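Shown next, in structure tokens, is the structure this report addresses.
Any read-out appearing in this document is the output of simple, stated calculations on the displayed coordinates, not a laboratory observation. These numbers were taken from a predicted model, which means no experiment stands behind them. All Cβ positions, glycine included, derive from the backbone under ideal geometry; neighbour counts span all protein chains shown.
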């Protein structure tokens, strides 16, 4: 994978709004942004309502994903162009998700909604109507999804990349600073994890930094290119952003997103938790 | 009866920022939280909605970002200490240093084209 097969620019997107075979999809946790105005022709996916199972604590399964995409009018041979707010966190999560279920052609709009807004490009409130399809998803590709036992086994063995803010890594904050801090998890990080906040990979306007800058950031942080990598954050969307950088832009081979992330790990009984700014010992 | 608490639980389930202009949920304990809040305005003094407001820590490291409400309001839950609040918008950018203490810290943030 590379930047060319994973990303499109906002400018390219604007020039290709009418191109057949492309489906623009805005993904967010809070879809009021979409309702207030979105890229012309884009449909929406609600991270919480559409992509999470309402009962089982997990995301939707293969059949549910097929039903969702069929209902929204996305076909297997469409190229899905994703974007969203929060510097594309939820769009990157959806990208990972589309890849997990084997969708071939997926792209992110570099910079997402933020770049679109700062460029003062046009929005519409018109909601497109798409014909239903019969979408077929593949079995989940678990080569890109990490589960908790595997994460515990990876301590001191694989690259663990904690992409939360430095204060969350150290245990001084329990959530990003735009959220209230009262949480039930214990603070800290997975021992031996390196701290590379997701934001290091992004420019101020939300676009990704250059390949050279990205390689330097993770290299200097101590990411060992010869090892497999697991990225995590609090709930798995910021780490999707970093998974996207490592796997889809820089082309690292074995990179998994641990979507259980700190919400799960920080609640487990019997696992080690490191405090402070250093990775800590295995 | 339990709606305020349920509301916060829903917010905490994800990472998207809550409604920036909604009143502080009653479950937010201002004896514990350090809230940095304010309004983004342009050079004419008009409120700026849709601005990307980012919180940078004492070393200039990105910590969080929210989008200002249609009334220009933004809000962070930080910790006591030195922070920089920076806004990017289609009307220009601006930033302000803030020494926050526990409780509510109100600031006025102005953006202008360079």
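Observations on the model:
- Exposure proxy order (Cβ contacts within 10 Å, fewest to most) of B:40, A:27, B:111: B:111, B:40, A:27
- Per-selection metrics, segment B:31-110 (Cα): Rg and Dmax in Å: 11.8, 36
- Degrees between helix A:211-220 axis and first principal axis of chain A (Cα, 0 to 90, nearest 10): 20
- Against the main long axis of the alpha-carbon atoms of chain A, helix A:62-72 sits at an angle near 40°.
- Inter-label distance, residue A:55 to residue B:101: 5.3 nm, where each label sits 7 Å from its Cα along the C-beta direction.
- Per residue, the protein assembly as shown reaches -5500 deg cm²/dmol at 222 nm when only DSSP H runs of four or more residues are counted, each adding -39500 (n - 2.57).
- Fraction in percent of alpha-carbon pairs per bin - 10 Å, segment A:139-216: 16, 36, 37, 11
- Entry note: segment A:3-140 has Rg to Rh equal to 0.93, where both radii use alpha-carbon atoms and Rh is the Kirkwood radius.
- Using the alpha carbons alone, the radius of gyration of the protein assembly as shown stands to its Kirkwood radius in an Rg to Rh ratio of 0.94.
- To the nearest ten degrees, helix A:89-100 and the longest principal axis of the Cα atoms of chain A are 80 degrees apart.
- Counting Cβ atoms of other protein chains within 10 Å of each residue's Cβ and taking the mean over peptide B:65-74 gives 3.
- Relative contact order %, segment A:144-265, counting alpha carbon pairs below 8 Å whose residues are six or more apart: 33
- Average Cα contact separation per residue, chain A, under 8 Å, 6 or more apart, as relative contact order %: 21
- With N as its number of residues, segment A:144-265 has a Cα radius of gyration that, divided by 2.2 N^0.38 Å, comes to 0.99.
- Our note on the geometry: Cα centres of segment A:217-275 and segment A:11-26, 31 Å apart.
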